[in-house]
1. So which residues in the stretch 163-180 are assigned to a loop (DSSP other than H, G, I, E, B) and touching a strand residue (DSSP E or B) at 6+ places or on another chain (Cβ under 8 Å), if there are any at all?
2. Applying the selection to the stretch 117-174, what residues are touching a Leu at 6+ places or on another chain (Cβ under 8 Å) and among the β-branched types (Val, Ile, Thr)?
3. Tell me, yes or no, whether the stretch 137-152 has at least one residue that is of a type in the set (Val, Ile, Thr) and within 16 Å of the ligand (Cβ to nearest atom).
4. Would you be able to tell me the number of residues in the stretch 153-162 that are in a strand (DSSP E or B) and within 13 Å of the ligand (Cβ to nearest atom)?
5. In the stretch 144-169, what count of residues is obtained for those that are of a type outside the set (Gly, Ala, Ser), surrounded by 18 or more Cβ atoms within 10 Å (Cβ to Cβ) and more than 15 Å from the chain's Cα centre (by Cα)?
6. Scan the stretch 216-237 and give yes if some residue there is touching a strand residue (DSSP E or B) at 6+ places or on another chain (Cβ under 7 Å), of a type in the set (Ser, Thr, Tyr) and either at pLDDT below 95 or not assigned by TED's automatic domain parsing to the domain that holds Trp17 (or both), otherwise no.
7. Being over 18 Å from the mean Cα position of the chain (by Cα) and not in a loop (DSSP other than H, G, I, E, B) is the filter here, so list the residues in the stretch 231-253 that pass it.
Amino acid sequence: MTDHHHHHHSAAGADEWDEAAMAELLDLDAEVLHTFLSEATAVLAQLARDEPPHRILDLGSGTGAGTLALLQRFEGAEAIAVDRSPRLLDHLRGKARARGVEDRVRTVQADLDAAWPDFGAVNLVWASASLHHLTDPDRGLRQIFDSLRPDGLLAVIEMAGFPRFLPDDVGRGRPGLEARCHAARAEAHAESLPDLGSDWGPRLSAAGFTVEVERPFTIDLRPPLPESVGRYAQASLGVLRSRVAEKLSSEDLATLDHLIDSDGPDGVVRRDDLTVRAERTLWAARRP
Ligand SMILES: C[S@@+](CC[C@H](N)C(=O)[O-])C[C@H]1O[C@@H](n2cnc3c(N)ncnc32)[C@H](O)[C@@H]1O
């Protein structure tokens, strides 16, 4: 962890380090939170009842956490994964190959803030932690509405914030380091990502959907936890650091660097007292 930290975030989007770090984080997120993903897709299976979806659209798919969970849940389905990052889509195709489902996935590189490609009518749209990235999410919701067949389902997943891993006493002489990082992140995101953490229910109704499920999920994993949790914490704190570096004191930044460090004695990859606490909400809505 050296020069990576001093790079600039261009308005055009993520640079190469950011994308590699993001791919790793999204993969670990899917791995560590697989129970959540499985529960979320089970809710959709229940809503679809005797008509399981056969054409699925994953908007802002990233490395395919949703795409792959949905293909596993709905064995007769094909999915279109859409993202603006060719690199993340490339990664997604590799994972699909490894799982033997590459024939059931098509990737489409597109910027959802621009004109949408014609995806053809679909039965299920999945948008996990992606709507808040759009410049005009309400317009996006209307476009999703138009892409769905009547009776088709939209699943929106939103997160309250980044997951938390550390005990409260971490922070050298000043405990509460992680809370300070998250406060700084929230401040930065209030401007750059105003729709992060939005209450999507009313906005789904305004776009014409019937909201059928609003389900909060509280993720609270306690030790002993698998080794992947250390890497997940490391990846997550690394991305967090890139967002909040200028807002932290030099002491906090130094502590954070020790926690992220793969080789040092204080690294999170070595700790056995990590937890994973996160909150996500699933809205499932139907096009009447
Ligand atoms: C936080 S990630 C979520 C990825 C995935 N849905 C998941 O839950 O693991 C957000 C994704 O949205 C994509 N994204 C952001 N803005 C976009 C846009 N305007 N058009 C297409 N994709 C976009 C990003 O490239 C990123 O992969």
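The values are calculated or read from the model by the stated rules, or taken from the named source; none is laboratory data. Keep in mind that this is a model prediction, so the values were computed, not measured. Methodologically, a virtual Cβ is constructed for each residue, glycine included, from the backbone with ideal geometry; neighbour enumeration extends over all protein chains shown.
1. Pro163, Phe165 - these are the residues of the stretch 163-180 that are assigned to a loop (DSSP other than H, G, I, E, B) and touching a strand residue (DSSP E or B) at 6+ places or on another chain (Cβ under 8 Å).
2. Result: Val122, Val125, Ile144, Val156, Ile157, Val170.
3. Step one: of the stretch 137-152, the residues of a type in the set (Val, Ile, Thr) are 144.
Okay, now just the ones that are also within 16 Å of the ligand (Cβ to nearest atom), so 144.
Within the stretch 137-152, one or more residues are of a type in the set (Val, Ile, Thr) and within 16 Å of the ligand (Cβ to nearest atom).
4. 5
5. So the count comes out to 7.
6. Yes, the stretch 216-237 contains a residue that is touching a strand residue (DSSP E or B) at 6+ places or on another chain (Cβ under 7 Å), of a type in the set (Ser, Thr, Tyr) and either at pLDDT below 95 or not assigned by TED's automatic domain parsing to the domain that holds Trp17 (or both).
7. Filtering the stretch 231-253 for residues over 18 Å from the mean Cα position of the chain (by Cα) gives 244-253.
Selection gives Val244, Ala245, Glu246, Lys247, Ser250, Glu251, Asp252, Leu253.
For (1) closer than 20 Å to Val276 by Cβ; (2) out of contact with any Gly (no Cβ under 6 Å at 6 or more places or on another chain); (3) polar (S, T, N, Q), each residue gets a yes or a no:
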{"residue": "Glu24", "(1), (2), (3)": "yes, yes, no"}
{"residue": "Asp29", "(1), (2), (3)": "yes, yes, no"}
{"residue": "Val43", "(1), (2), (3)": "no, yes, no"}
{"residue": "Gln46", "(1), (2), (3)": "no, yes, yes"}
{"residue": "Leu57", "(1), (2), (3)": "no, yes, no"}
{"residue": "Gly66", "(1), (2), (3)": "yes, yes, no"}
{"residue": "Ala69", "(1), (2), (3)": "yes, yes, no"}
{"residue": "Arg84", "(1), (2), (3)": "no, yes, no"}
